[in-house]
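Report on one structure; see the data block that follows.
The values are calculated or read from the model by the stated rules, or taken from the named source; none is laboratory data. Keep in mind it's a predicted model, so treat the numbers as computed, not measured. All Cβ positions, even for glycine, are placed from backbone atoms using ideal geometry, and neighbour counts span all protein chains on display. Just the protein is used for accessible areas: all its heavy atoms, side chains included, with ligands, DNA and RNA removed. Shrake-Rupley method; radii C 1.70, N 1.55, O 1.52, S 1.80 Å.
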Amino acid sequence: MISMPAKFDFHTHTLYSDGASTAAAMVEAAEARGLEAVAITDHGHESSVGVPQEKFAPMLQDIELAREDAGIPVLAGIEANVVDEWGRIDGEDESVRKLDILLAGIHRLGRARDPTELARDYLMRATNVIEHHKFDVFAHPFYFHQYLAHHLLPEDLEDFVRLAAGHEVAMEINIKYRTPDEEFLELCLREGVKLSIGTDAHTTGEVGRVDWALGVLRRIGAKREDLILDRFLR
Ligand SMILES: [Zn+2]
Ligand SMILES: [Zn+2]
C-alpha cells in the first residue's frame, strides 16, 4: 500500500480579491473534498485585484466566521506580491501580523525580453524576497507566463533552494500552473525545503482539487514530514 501524502490547500482566493466565492463557501468545499486544512490567501493590496487595506479587517472577520463553522483548520493568509527587483512585498505592515500564513509570489517582472533575461530577473527578485522578508510559502516558483527554471543554471537553482532552506521558506506545488517541475522539487527535498500544496483556486469548483500535486509528491517520494502542513496544525 502506497502511503497517502497529506491533502491540504494553502492557496485560495475569494471575493476580496479576484475569486468568485466567499471564504465560507471555499472552506465548505475544501472540507467536502476531504482536506485536512485550507488557507484563504487573497492578493496583497498593491495588485490591481488585491485586497484594499480598508477591507483587510472585514476579510479577517469573514475568515474567522468561516473557521467557526468548519470542521477543519482554516488559516487566514495573504498572497503578497513581490513588487520590485529588491524583493519588497506588499504584505509587511501591521495587519500582516494578524495572519496565520503569508505567501509571496512574483506577478510582475521588468520589460519583456528573452526567457533567459526574464529568468535572471525572476531569480534576483525571488532571492531578494527570501533574504529580506519573513514569509512562509513561495507561490508558483519560477512561473511567469511560462516555466522559467529551465533557463537558469543548475547551480543558481541550488543556491536559491539552499537559501530557502536556511530561511524556512516552503516551495509551493501550484496546481493552476502545474509548476514547478519534479527536478526542482527533488532538489527541494534533498536540501530540506518543505513543500506546500496550492490549487490557486478562484472558485469552489477548484478548491481542494489536489490530485495532480499528490501524484507529483508520490513520484518524487515525498513524505508527510516533507510538507509544510504540520507546522500549522496543533
Ligand atoms: Zn499568484
Ligand atoms: Zn494566487
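Could you go through the stretch 12-32 and let me know if any residue there is under 19 Å from residue 170 (Cβ atoms) and without any contact (Cβ under 8 Å) to a residue 40 or more places away in the chain.
No; the residues of the stretch 12-32 include none that is under 19 Å from residue 170 (Cβ atoms) and without any contact (Cβ under 8 Å) to a residue 40 or more places away in the chain.
Output the number of the condition that residue 12 fails; it satisfies all remaining conditions of (1) more than 15 Å from ligand 2 (Cβ to nearest atom); (2) among the polar types (S, T, N, Q); (3) within 22 Å of residue 229 (Cβ to Cβ).
The number of the failed condition is (1).
Determine whether the stretch 108-130 contains at least one residue that is within 16 Å of ligand 2 (Cβ to nearest atom), at pLDDT 95 or above, within 25 Å of residue 60 (Cα to Cα) and part of a helix (DSSP H, G or I).
Yes.
Which pairs have Cβ atoms under 8 Å, sit 6 or more apart or on different chains, and link a residue in the stretch 65-82 that is more than 20 Å from residue 229 (Cα to Cα) to one that is part of a helix (DSSP H, G or I) and among the aliphatic types (A, V, I, L, M)?
Short answer, once both residue conditions are applied: 65/23; 65/24; 69/24; 69/27; 82/126; 82/129.
Somewhere in the stretch 54-73, is a residue under 24 Å from residue 25 (Cα atoms), in contact with a Ser or Thr (Cβ under 8 Å, 6 or more places away or on another chain) and not in a helix (DSSP H, G or I)?
no
Please indicate, with yes or no, whether at least one residue in the stretch 85-96 is more than 16 Å from ligand 1 (Cβ to nearest atom) and under 21 Å from residue 228 (Cα atoms).
yes
So which residues in the stretch 131-151 are open to solvent by less than 70 Å² (accessible area, probe 1.4 Å), outside any strand (DSSP E or B), without any contact (Cβ under 8 Å) to a residue 60 or more places away in the chain and within 16 Å of ligand 2 (Cβ to nearest atom), if there are any at all?
135, 141, 142, 144
Can you go through 133, 145, 151 and tell me which one is more than 20 Å from residue 176 (Cβ to Cβ) and at pLDDT below 95?
Checking each option against the conditions leaves just 133.
Would you confirm whether or not the stretch 109-116 contains a residue that is over 28 Å from residue 19 (Cβ atoms) and in contact with a His (Cβ under 6 Å, 6 or more places away or on another chain)?
Yes, some residue in the stretch 109-116 is over 28 Å from residue 19 (Cβ atoms) and in contact with a His (Cβ under 6 Å, 6 or more places away or on another chain).
Checking the conditions here, which among 195, 217 is over 21 Å from residue 99 (Cβ atoms), away from ligand 1 (no atom under 15 Å from the Cβ) and surrounded by 15 or more Cβ atoms within 10 Å (Cβ to Cβ)?
After applying the criteria, what remains is 217.
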